[in-house]
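Report on one structure; see the data block that follows.
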Amino acid sequence: MSTPIYRGVFPVAPTIFDEHGQLDLEGQKRAIDFMIDAGSNGLCILANFSEQFVLSDEERVQVQNTVLEHVAGRVPVIVTTTHFGSQICAERSRAAQDAGAAMVMVMPPYHGATFRVSEKQIYEFYARVSEAIDIPIMIQDAPVAGTPLSAPFLARMAKEIENVSYFKIETAGAASKLRDLIELGGDAVVGPWDGEEAITLIPDLDAGATGAMTGGGYPDGIRKIVDAYMAGDTEKAAELYMHWLPLINYENRQCGLAACKALMLEGGVIKSDMLRHPQAPMHPKVREGLLRVARRLDPVVLNWGK
């Protein structure tokens, strides 16, 4: 069975809470509608930028099913199913597939600052997840896991584990790692992707990245850059990147996952940009700076709900 090919901009959707910190599923649907209207080629849910780490298992299922039912096939949806336990991750992945996910994204098993497993166990972990499903697996290679995943090891898993075929590379030197992965993995690497809020987008595209998983606040801006690059106009893509870079940088270095919700609140997409405690709310001066930078660019988000 051939692996589906997904390319383009697949931003991470935030999980929307009301002012009391409870799930706001109607707000969730509006956020999803905005992200599709703003040009997202697809979406990712329940990722770290979705605050997956503050959700109960029951809430994860609620968000997953609400989003997949609401999207109703308009765009492909990647569901993050990361868990330390192989069996639980496999079960989550199967449930995501059954609910309509196009792909699952999974970090290597880790817990806290020090609980790690060997390369052999990581290989077996992904093999067990693969055995449970028939859709692609994206390995998220990010510093938060603190787990070294070399390009040769990733390429080996792509070649040997049936559904391992996509890779979101967010480590230092991402472009070099993507280039090595593509060379070593060949056709088994169906989707080498950029991440980390597009802060390394142009070097990653130069290295052969075919997708970008960014924050969800301004897919229209990222889409313009990626579309120009994929059409062969690398100079236009570079100019557009320089145009949007202040906002990309502000999200990546100042606001993190809070940026998307702040922009959606400002544009009337959602009613609350609440982050679940113990995360702190965005400082008013940081918010002011973010919105000042965004207004110069006039992204869709600032007018979508007004």
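Taking the condition of a type in the set (A, V, I, L, M, F, W, C), out of contact with any Phe, Trp or Tyr (no Cβ under 7 Å at 6 or more places or on another chain) and either part of a loop (DSSP other than H, G, I, E, B) or more than 30 Å from Leu149 (Cα to Cα) (or both), does Ile36 pass? Against the criterion (of a type in the set (A, V, I, L, M, F, W, C), out of contact with any Phe, Trp or Tyr (no Cβ under 7 Å at 6 or more places or on another chain) and either part of a loop (DSSP other than H, G, I, E, B) or more than 30 Å from Leu149 (Cα to Cα) (or both)), Ile36 qualifies. Does the range 97-105 contain at least one residue that is over 18 Å from the mean Cα position of the chain (by Cα), surrounded by fewer than 17 Cβ atoms within 10 Å (Cβ to Cβ), modelled with pLDDT of 95 or more and part of a helix (DSSP H, G or I)? The answer is yes; a qualifying residue exists. Against the conditions (1) surrounded by fewer than 15 Cβ atoms within 10 Å (Cβ to Cβ); (2) in a loop (DSSP other than H, G, I, E, B), Thr171 satisfies every one except (1).
Annotation: Asn252 fulfils all but one of (1) open to solvent by 60 Å² or more (accessible area, probe 1.4 Å); (2) closer than 22 Å to Asn41 by Cα; (3) of a type outside the set (Asp, Glu); the unmet one is (1). Among Pro143, Pro148, which is the only one that is more than 19 Å from Leu205 (Cβ to Cβ), of a type outside the set (A, V, I, L, M, F, W, C), under 15 Å from the mean Cα position of the chain (by Cα) and open to solvent by 50 Å² or more (accessible area, probe 1.4 Å)? Of the residues listed, the single one that is more than 19 Å from Leu205 (Cβ to Cβ), of a type outside the set (A, V, I, L, M, F, W, C), under 15 Å from the mean Cα position of the chain (by Cα) and open to solvent by 50 Å² or more (accessible area, probe 1.4 Å) is Pro143. The residues of the range 33-54 that are of a type in the set (A, V, I, L, M), open to solvent by less than 20 Å² (accessible area, probe 1.4 Å) and over 14 Å from the mean Cα position of the chain (by Cα) amount to a single one, Ala38.
Pairing residues of the range 1-25 that are within 29 Å of Leu205 (Cβ to Cβ) with residues that are among the basic types (Lys, Arg), at Cβ distances under 8 Å and at least 6 apart in sequence or on separate chains, gives Gly8/Arg223; Val9/Arg223; Pro14/Lys261. Screening Glu91, Glu19 for residues that are closer than 26 Å to Cys255 by Cβ, of a type outside the set (Gly, Ala, Ser) and surrounded by fewer than 16 Cβ atoms within 10 Å (Cβ to Cβ) leaves exactly one candidate, Glu19. Taking every residue in the range 275-300 that is more than 13 Å from Leu263 (Cβ to Cβ) and pairing it with any residue that is in a helix (DSSP H, G or I), at least 6 positions away or on another chain, the pairs with Cβ-Cβ distances below 7 Å are Leu275/Ala258; Arg276/Val54. Does Asp194 qualify as being within 20 Å of Ala212 (Cα to Cα) and either modelled with pLDDT under 95 or of a type in the set (Asp, Glu) (or both)? Yes. Residue count for the range 174-220, restricted to those that are crowded, with 20+ Cβ neighbours inside 10 Å, of a type in the set (Asp, Glu) and without any contact (Cβ under 8 Å) to a residue 40 or more places away in the chain: 2. Could you list, in sequence order, all residues of the range 151-168 that are of a type outside the set (A, V, I, L, M, F, W, C), outside any loop (DSSP other than H, G, I, E, B) and surrounded by fewer than 23 Cβ atoms within 10 Å (Cβ to Cβ)? The answer is Pro152, Arg156, Lys159, Glu160.
Pairs meeting the criteria (first residue in the range 93-108 and over 17 Å from His83 (Cβ atoms), second residue at pLDDT below 95, beta carbons under 8 Å, at least 6 apart or on different chains) are Ala102/Pro4. The single condition among (1) touching a residue at least 40 places away in the same chain (Cβ under 8 Å); (2) of a type in the set (Val, Ile, Thr); (3) surrounded by fewer than 21 Cβ atoms within 10 Å (Cβ to Cβ) that Ile133 does not satisfy is (3). With the condition kept exactly as written, say whether any residue in the range 81-88 is among the small types (Gly, Ala, Ser), touching an Asp or Glu at 6+ places or on another chain (Cβ under 6 Å), assigned to a helix (DSSP H, G or I) and touching a residue at least 12 places away in the same chain (Cβ under 8 Å). Checked the range 81-88: no residue is among the small types (Gly, Ala, Ser), touching an Asp or Glu at 6+ places or on another chain (Cβ under 6 Å), assigned to a helix (DSSP H, G or I) and touching a residue at least 12 places away in the same chain (Cβ under 8 Å). Pairing each residue of the range 225-249 that is over 18 Å from Val293 (Cβ atoms) with any residue that is assigned to a helix (DSSP H, G or I) and open to solvent by 60 Å² or more (accessible area, probe 1.4 Å), provided the two are 6+ apart or on different chains, yields C-beta distances under 6 Å for Ala228/Lys236.
The values are calculated or read from the model by the stated rules, or taken from the named source; none is laboratory data. Keep in mind the model is a prediction, meaning the values are calculated, not measured. FYI the Cβ positions are ideal-geometry reconstructions off the backbone, even for glycines, and counts take in every protein chain you see. Areas reflect the complete protein model, heavy atoms only, side chains present, ligands, DNA and RNA absent. Shrake-Rupley method; radii C 1.70, N 1.55, O 1.52, S 1.80 Å.
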